[in-house]
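Undergrad: What follows is a single structure, and I will ask about it in a moment.
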Amino acid sequence: MNPIRIGILGYGNLGRGVELAVAANEDMELAGVFTRRDPATVKPYGANVAVWNASELAEHTDDIDVLVLAGGSATDLPEQTPAAAALYNVVDSFDTHANIPEHFAAVDAAAREAGHVAVISVGWDPGMFSVSRVYANAIMPNGADYTFWGRGVSQGHSDAIRRIPGVVDARQYTVPVPEALEAVRSGANPELTTRQKHTRECFVVAEDGADTAAIEEAIVTMPNYFADYNTTVTFISQEELDRDHAGIPHGGSVIRTGTTGKDGENTHVIEYSLKLDSNPEFTGSVLAACARACYRIAQAGETGCRTIFDIAPALLSPLTGEELRATML
Ligand SMILES: NC(=O)C1=CN([C@@H]2O[C@H](COP(=O)(O)OP(=O)(O)OC[C@H]3O[C@@H](n4cnc5c(N)ncnc54)[C@H](OP(=O)(O)O)[C@@H]3O)[C@@H](O)[C@H]2O)C=CC1
Ligand SMILES: N[C@@H](C[C@H]1CC(C(=O)O)=NO1)C(=O)O
């Protein structure tokens, strides 16, 4: 069978993770990378990978089966994914949670108009954590959900800070509040506000002479990202950031405690956890599996936008139905 030809739009942390994920899947190959920058300045891992300027996006539709968008959710994907869906089957990791319905509608309209398939907001949250919440709620209707992230680097929040005028680079750590985690794991089923569950620590490299007070204010008041959290901002040099914050580890857990029994006397705990050395490489791996599903849905003659909820597990897997059933033995 011919390999699924993958394109990548946007070559940052996630774009690099997608490249590695495609290389790890035998049924895929990387057709090329699009970037808004000068292609000569972008160096993929693969020495022979084609790099094109994003202005050429419409010129490679015969070379690519699925385009994976690896841009930032704060400002790139709301524009890029609908535009790309007019040209390609697409997959993205859009994670501005409050705006997912709006993003879905825009991408769905573009994909249907063009006869393409789009799969949006995949990764781990939104993505694997989202589907684990749906499974847990479907199974345990009487219960309470909790999600804890970190301590680790949120790519979405770090990207959002980097988009602020005057910011050169940034890392945002999400930190679970120990007391909240302890209360949940004790089975107390506490009522917790957003602010009571996590704090956010931002390490920012600012341009020389930048208004750091204005940058800090823009961060801590940023809707959908920081406004609902206790957030600290520390300005450091690029050297310090590169030395002390080089990695992008993360992780977290979705926990649902539910009850069954005539009087709810039996308690059950469902937990789905991730420990990630590399947030972008893990997320890139989810995007690659979803690109396989996207391709198969398109090959079946369907069109329009999907989320992780619409993707049957078998569509994500390279195994045949018979091989999958054999894993149940
Ligand atoms: N759903 C989920 O669970 C997850 C979602 N994500 C999403 O992934 C998004 C992307 O994250 P991440 O890859 O870390 O963001 P980056 O800042 O590394 O990359 C975003 C874009 O910025 C551009 N860029 C990258 N490096 C440079 C540079 N040195 N100079 C100029 N431009 C650059 C690239 O576009 P270009 O090549 O066109 O210049 C790239 O596509 C996040 O915003 C988040 O929303 C991430 C993790 C999990
Ligand atoms: N989308 C997140 C993935 C997880 C991590 C997270 C957070 O730390 O707030 N929320 O969701 C990311 O960009 O890393």
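The values are calculated or read from the model by the stated rules, or taken from the named source; none is laboratory data. If you're wondering where the values come from, they're calculated on a predicted model, not measured in any experiment. Cβ placement follows ideal geometry from the backbone for every residue including glycine, while neighbour counts extend to all protein chains displayed. These accessible areas exclude ligands, DNA and RNA; they are computed on the full protein's heavy atoms, side chains included. Shrake-Rupley method; radii C 1.70, N 1.55, O 1.52, S 1.80 Å.
Undergrad: Report the charge-dipole magnitude of region 4-73 in Debye, nearest 20, computed about the Cα centre from +1 at each Lys and Arg Cβ and -1 at each Asp and Glu Cβ.
TA: 420
Undergrad: Can you list which of the DSSP-assigned H helices in the chain have a Cα extent of 20 Å or more along the long axis and an average Kyte-Doolittle score of at least 0.0? Each step should come with its number before you reach the end.
TA: Details: long enough: 100-114 (21 Å, 0.17); 279-299 (30 Å, 0.24).
Counting only whole DSSP H runs, the qualifying helices are 100-114, 279-299.
Undergrad: What FRET efficiency do you get for Arg151 and Gln238 if R0 is 30 Å and r is their Cβ-Cβ distance, rounded to the nearest 0.05? Display every interim value, and only then the final one.
TA: Numbers: r = 23 Å, r/R0 = 0.76.
Calculated value: 0.85.
Undergrad: Starting from the Cα gyration tensor of region 202-329, take the square roots of the eigenvalues, sort them a ≥ b ≥ c, and report rounded, prolate or oblate (rounded when a/c is under 1.5, otherwise prolate if a/b is larger than b/c, else oblate).
TA: prolate
Undergrad: In Å³ and rounded to a whole number, note down the convex hull volume per residue for the Cα atoms of region 145-208.
TA: Enclosed volume per residue, from the Cα hull, is 82 Å³.
Undergrad: Which value, in debye to the nearest 20, gives the size of the charge dipole of region 38-92 about its Cα centre, when Lys and Arg are +1 and Asp and Glu are -1 at the Cβ?
TA: 200
Undergrad: Does region 79-130 classify as rounded, prolate or oblate by the C-alpha gyration tensor (a ≥ b ≥ c root eigenvalues; a/c under 1.5 gives rounded; else a/b over b/c gives prolate, otherwise oblate)? Before the final figure, lay out the partial values.
TA: On the way: a/c = 2.41, a/b = 1.78, b/c = 1.35.
Cα axes put region 79-130 in the prolate bin.
Undergrad: Further question: If you count, for each residue, the other Cβ atoms within 10 Å and average over each peptide, how do 174-184, 14-24, 52-62 line up from highest to lowest?
TA: Averaged packing, sorted descending, gives the order 14-24, 174-184, 52-62.
Undergrad: Once you've got the GNM for the chain with C-alpha springs shorter than 10 Å, pick whichever of Thr221, Thr41, Thr81 has the biggest mean-square fluctuation.
TA: Result for the chain, Cα springs under 10 Å: Thr41 fluctuates most.
Undergrad: May I pose another question? Nearest 0.05, what FRET efficiency do Asn99 and Thr193 give at R0 = 25 Å with Cβ-Cβ as r?
TA: 0.75
Undergrad: Using the basic label-point model (7 angstrom from Cα toward the beta carbon), what is the Ala246 to Met328 distance in nanometres?
TA: My value for the distance between the label points is 4.7 nm.
Undergrad: Accessible area of region 124-169 with a 1.4 Å probe: how many percent of it is carbon plus sulfur?
TA: Working: 1080 of 1820 Å².
C and S fraction of accessible area: 59 percent.
Undergrad: If you take the charge dipole of the chain about its Cα centre, with +1 on Lys and Arg Cβ and -1 on Asp and Glu Cβ, which of Thr267, Ser237, Ala118 is farthest toward its positive end?
TA: Value computed over the given set: Thr267.
Undergrad: Let me ask something additional. In square nanometres and to one decimal, what's the mean projected area of the convex hull around the Cα atoms of region 233-307?
TA: Values: hull surface 42.2 nm².
If you wrap the Cα atoms of region 233-307 in a convex hull and average its projections, you get 10.5 nm².
Undergrad: Would you calculate a helix-derived [θ] at 222 nm for the chain, using -39,500 (n - 2.57) for each DSSP H run of n ≥ 4 and dividing by the full residue count, to the nearest 500?
TA: Values: 12 runs with 114 residues, N = 329.
About -10000 deg cm²/dmol.
Undergrad: Could you work out which residue, out of Val153, Val269, Val91, moves most in a Gaussian network model of the chain, that is, has the largest mean-square fluctuation with Cα springs under 10 Å?
TA: Val269
Undergrad: Let me ask you something else. Within region 72-110, list the residues whose amide N lies under 16 Å from a label point set 7 Å along Cα→Cβ of Gln299.
TA: Flagged as within label range: 89-90.
Undergrad: How long is the gain from Thr75 to Thr259 if the chain were fully straight, where each residue apart is worth 0.36 nm and the alpha carbon distance is subtracted?
TA: 62.0 nm
Undergrad: Take the chain, connect every pair of alpha-carbon atoms lying under 10 Å apart with a spring to form a Gaussian network, then pick out the residue of Ser73, Ser93, Ser253 with the largest mean-square fluctuation.
TA: Of Ser73, Ser93, Ser253, the Gaussian network model singles out Ser253 as fluctuating most.
Undergrad: Shifting gears a bit: Considering the options Gln299, Asn53, Ile6, tell which one lies farthest towards the positive end of the dipole of the chain, charges being +1 on Lys and Arg and -1 on Asp and Glu at the Cβ, about the Cα centre.
TA: My answer, from the dipole projection, is Gln299.
Undergrad: Using packing as a proxy for protection, rank 99-109, 319-329, 278-288 so that the peptide with the highest average count of other Cβ atoms within 10 Å comes first. Each step should come with its number before you reach the end.
TA: Working: 99-109: 17.1, 319-329: 9.0, 278-288: 23.4.
Per-residue mean Cβ counts within 10 Å order the peptides as 278-288, 99-109, 319-329.
Undergrad: I would also like to ask the following. Send over a whole-number figure in Å² for the accessible area per residue of the chain, probe 1.4 Å. Could the numbers behind the result be given before it?
TA: Working: 15660 Å² over 329 residues.
It amounts to 48 Å² per residue over the chain.
Undergrad: While we're here: How high is the FRET efficiency between Glu217 and Asn48 when r is their beta carbon distance and R₀ equals 45 Å, given to the nearest 0.05?
TA: Calculated value: 0.45.
Undergrad: Could you work out the local net charge near Pro280, counting Lys and Arg as +1, Asp and Glu as -1, over the other residues with Cβ closer than 13 Å to its Cβ?
TA: -3
Undergrad: In addition: Let me understand the chain better: what is its radius of gyration from the alpha carbons, and its Dmax, in angstrom?
TA: For the chain, the Cα-based Rg and Dmax read 20.7, 67 Å.
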